[in-house]
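Taking it in order: structure first as structure tokens, then the write-up.
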Amino acid sequence: MSIGHTLLGLLESGPRHGYDLKRAFDEKFGHDRPLHYGQVYSTMSRLLKHGLVEVDGIEAGGGPERKRYAITAAGITDVEHWLGTPEKPEEYLQSTLYTKVVLALLTHRDASVVLDAQRSEHLRSMRILTDRKRKGDLADQLICDHALFHLEADLRWLELTAARLDKLRAAVAA
């Protein structure tokens, strides 16, 4: 996820302080990984340097000055470009799991143990996500669906690989 573009998009609804941006980000996108304040302020500093945001006001208080940031026309254009650019699909052509299975075979270990352990971990993760989905709002349900669909695809791969272990063992031994 592009933190900078996300913060810019949040600014399109109006100027905000860094604290407000962090809170909005965490509420909408940071359920599993909330932003650190330092990350917000370093990102805002970079966006300011590149002319994508401007300081809309500074408020003095009991602590440090609070800057209110506003998105610029260049920032809006940048968000439009980012939203319109498709993400590269993750193809997982060289996964750690595949490497573990092949190494197990190369070292004469039982690769089915690796596959079984991974299957158990995937199912555990799916149970947690399903529970979260059941209790969550629409945004949380969509995030969980995305993760669950990926885990389901991984499970299909695990089953297919388990069915082909003898052929894979012969292929890596050659």
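Report the residue count in segment 37-78 for those that are in contact (Cβ under 8 Å) with a residue 60 or more places away in the chain and among the aliphatic types (A, V, I, L, M).
2
Can you tell me which residue among THR85, THR96, THR72 is among the polar types (S, T, N, Q) and either surrounded by 10 or more Cβ atoms within 10 Å (Cβ to Cβ) or modelled with pLDDT of 85 or more (or both)?
Residue meeting the stated conditions: THR72.
Of everything in segment 91-140, what is over 18 Å from GLU159 (Cα atoms) and basic (Lys, Arg)? Give them in sequence order.
Residues satisfying the conditions are ARG109, ARG127, ARG132, LYS133, ARG134, LYS135.
Can you name every residue in segment 160-171 that is assigned to a helix (DSSP H, G or I) and free of Cβ contacts under 8 Å to residues at least 24 places away in the same chain?
LEU160, ALA163, ASP166, LYS167, ALA170, ALA171
For segment 30-56, enumerate the residues that are of a type in the set (A, V, I, L, M) and more than 19 Å from the chain's Cα centre (by Cα).
MET44, LEU47, LEU48, LEU52, VAL53, VAL55
Evaluate segment 110-119: report whether one residue or more is in contact (Cβ under 8 Å) with a residue 60 or more places away in the chain and outside any loop (DSSP other than H, G, I, E, B).
Within segment 110-119, not a single residue is in contact (Cβ under 8 Å) with a residue 60 or more places away in the chain and outside any loop (DSSP other than H, G, I, E, B).
Being open to solvent by 30 Å² or more (accessible area, probe 1.4 Å), more than 11 Å from MET44 (Cβ to Cβ) and β-branched (Val, Ile, Thr) is the filter here, so list the residues in segment 1-10 that pass it.
Answer for segment 1-10, where residues must be open to solvent by 30 Å² or more (accessible area, probe 1.4 Å), more than 11 Å from MET44 (Cβ to Cβ) and β-branched (Val, Ile, Thr): there is none.
Would it be correct to say that ASP140 is modelled with pLDDT of 95 or more, acidic (Asp, Glu), under 27 Å from PHE25 (Cβ atoms) and part of a helix (DSSP H, G or I)?
no
Is there a residue being loosely packed, with under 11 Cβ neighbours inside 10 Å, in a helix (DSSP H, G or I) and either under 24 Å from the mean Cα position of the chain (by Cα) or of a type outside the set (Asp, Glu) (or both) anywhere in segment 60-69?
No - not one qualifying residue is present in segment 60-69.
Go through segment 11-34 and give me each residue that's of a type outside the set (Lys, Arg), open to solvent by 30 Å² or more (accessible area, probe 1.4 Å) and either in the same structural domain as ARG132 (by the TED database) or farther than 17 Å from SER45 by Cα (or both).
Those that are of a type outside the set (Lys, Arg), open to solvent by 30 Å² or more (accessible area, probe 1.4 Å) and either in the same structural domain as ARG132 (by the TED database) or farther than 17 Å from SER45 by Cα (or both): GLU12, SER13, ASP26, GLU27, PHE29, HIS31, ASP32, PRO34.
The values are calculated or read from the model by the stated rules, or taken from the named source; none is laboratory data. Source: prediction; values computed, not measured. Backbone-built Cβ (ideal geometry, glycine too); neighbour counts: all protein chains shown. To get the accessible areas, we keep the full protein, side chains included, count just its heavy atoms, and leave off ligands, DNA and RNA. Shrake-Rupley method; radii C 1.70, N 1.55, O 1.52, S 1.80 Å.
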